1. Does the stretch 58-80 include one or more residues that are over 16 Å from THR195 (Cα atoms), in contact with a strand residue (DSSP E or B) (Cβ under 7 Å, 6 or more places away or on another chain) and not in a loop (DSSP other than H, G, I, E, B)?
2. Against the definition (over 20 Å from the mean Cα position of the chain (by Cα), of a type in the set (A, V, I, L, M) and surrounded by 24 or more Cβ atoms within 10 Å (Cβ to Cβ)), how does ALA282 come out, yes or no?
3. Kindly indicate whether ALA108 is out of contact with any Ser or Thr (no Cβ under 7 Å at 6 or more places or on another chain) and either surrounded by fewer than 24 Cβ atoms within 10 Å (Cβ to Cβ) or not basic (Lys, Arg) (or both).
4. Of everything in the stretch 81-100 that's within 18 Å of ARG237 (Cα to Cα), touching a strand residue (DSSP E or B) at 6+ places or on another chain (Cβ under 7 Å) and among the aliphatic types (A, V, I, L, M), which residue is surrounded by the fewest Cβ atoms within 10 Å (Cβ to Cβ)?
5. Residues in the stretch 192-212 that are touching an Asp or Glu at 6+ places or on another chain (Cβ under 8 Å) and not in a helix (DSSP H, G or I): how many?
6. Would you pick out the residues in the stretch 45-86 that are touching a His at 6+ places or on another chain (Cβ under 6 Å) and either outside the structural domain of ASN158 (by TED's automatic domain parsing) or under 12 Å from GLY229 (Cβ atoms) (or both)?
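The values are calculated or read from the model by the stated rules, or taken from the named source; none is laboratory data. What you see is a predicted model; the values in this text were computed from it and never measured. Backbone-built Cβ (ideal geometry, glycine too); neighbour counts: all protein chains shown.
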Amino acid sequence: MSPSRRVVITGAGCVTAIGNSVPEFCESLFASRSGIAPIELQPEQKLNFSSVAQVKNFLAESFLPFSLILLTERSAQFGLVAAKQAAGESQLLADYSPESVAVVMGCAVGGREADEPEVVKLYNRQGRVHPFTVPRVMASSGASQISILFGITGPVLNFSTACASSAHAIGHAFHMIRAGMVEAALAGGHEAPLTYGFLKAWEALRVVSPTSCRPFSAARDGMTLGEGGAVLVLEERERAVRRGVPIYAELCGFGMSSDAFHITQPRPAGPVSAMRKALSDAQLHPADVTYINAHGTGTEANDRAEAEAIQEVFGEAGGCPPVSSTKALHGHTIGAAGAIEALATILALKHRQLPVSVGAEPVDPALRFNLVHTPSNFVPSSALSNSFAFGGLNASLLFSKHEG
């Protein structure tokens, strides 16, 4: 089917370990400045790994009213602040009616910082559970609070598909606009999972690096968990041009698939299908893609499966576009990962720079593709952002450089 409406990104916002605004994030991204640092936990809370990618200098009261802070947890607050930045940049609500706008977010974990302390109190009989626990814990809290904050009365959705949550959210918002269901959308994701219970649960899986993640390196030994949020403003291209707002990039294709294989172990066939569907959706060929922002977690299984999938779709090093993973900078932010990495991808297109896959040296020789080792410029055309989640849930977003 030929798409009848083209969709562009006209606003962006973020709260991440490498910057609490898009300009800060962009500067750190292209300077290869990592936000991964030692865990700040009490001494008795021992873990078998030492680092996470934590958001620094975030004061919710600087951005949100006290009444809203009472009803939300750190995760939703990341989403709210990112949405305020994105909507403000695009002047979204000045030009669109509230019922014509959607809010589509991705959050897989929900409000862990609101949940865990209340569970401890309950089982240790140390007092009453906080009356706002339920609205603060809900994974959909961020999406709902964004709609309330802006008075948006169009569709409001939250996707909880593990590490593909916010990629699914952006992709579905894209399809809703292209189909004419809505005129514009705030789409992205948020997550604040760095609580003791959550970290211990990941420790038990034995996939977390004892030091720091090094995607696609021969010495890789696991992922590094992170937190944050990012939100994009999506709208129909012709309307954006008429409004005269700056355009980051065009979102031209979205592909989804399921491995239908294993809850934690990936296999290449699913990612191959998602990437090919994104190309087909955009009516583009593999040769049209000039950069791939890989899911690239730094685990043995994920990196191997994704590398094999990229090689199958795009060919080996000679024909494969440059590939990098930015998780060595901002960590693996679970439900927010797809949105933060989509932001990195559109910034690469806009600024004609390739983000480095930090820590990849020495590269695993079995992973035969064109990995980005040093900062470099490139001639942008289209770029792919991959999110491949536990459960075999795969999403690929395909962006093109905006000309005009």
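1. Yes, because at least one residue in the stretch 58-80 is over 16 Å from THR195 (Cα atoms), in contact with a strand residue (DSSP E or B) (Cβ under 7 Å, 6 or more places away or on another chain) and not in a loop (DSSP other than H, G, I, E, B).
2. When the stated conditions are applied, ALA282 does not pass them.
3. no
4. The extreme case among them is ALA87.
5. So the count comes out to 7.
6. Within the stretch 45-86, SER75, PHE78, GLY79 meet the criteria.
A quick yes/no check of all residues on (1) buried (at least 21 other Cβ atoms within 10 Å of the Cβ); (2) out of contact with any Leu (no Cβ under 7 Å at 6 or more places or on another chain); (3) more than 25 Å from SER212 (Cβ to Cβ):
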| site | (1), (2), (3) |
| --- | --- |
| ALA12 | yes, no, yes |
| VAL15 | yes, yes, no |
| ASN20 | yes, yes, no |
| LEU29 | yes, no, no |
| ALA37 | no, yes, no |
| GLU40 | no, yes, no |
| VAL52 | yes, no, no |
| LYS56 | no, yes, no |
| LEU64 | no, no, yes |
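Residue-by-condition table, conditions (1) of a type outside the set (Val, Ile, Thr); (2) over 16 Å from VAL15 (Cβ atoms):
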site	(1), (2)
PRO98	yes, yes
ALA102	yes, yes
ASN124	yes, yes
HIS130	yes, yes
SER144	yes, yes
THR153	no, yes
HIS172	yes, yes
HIS175	yes, yes
LEU186	yes, no
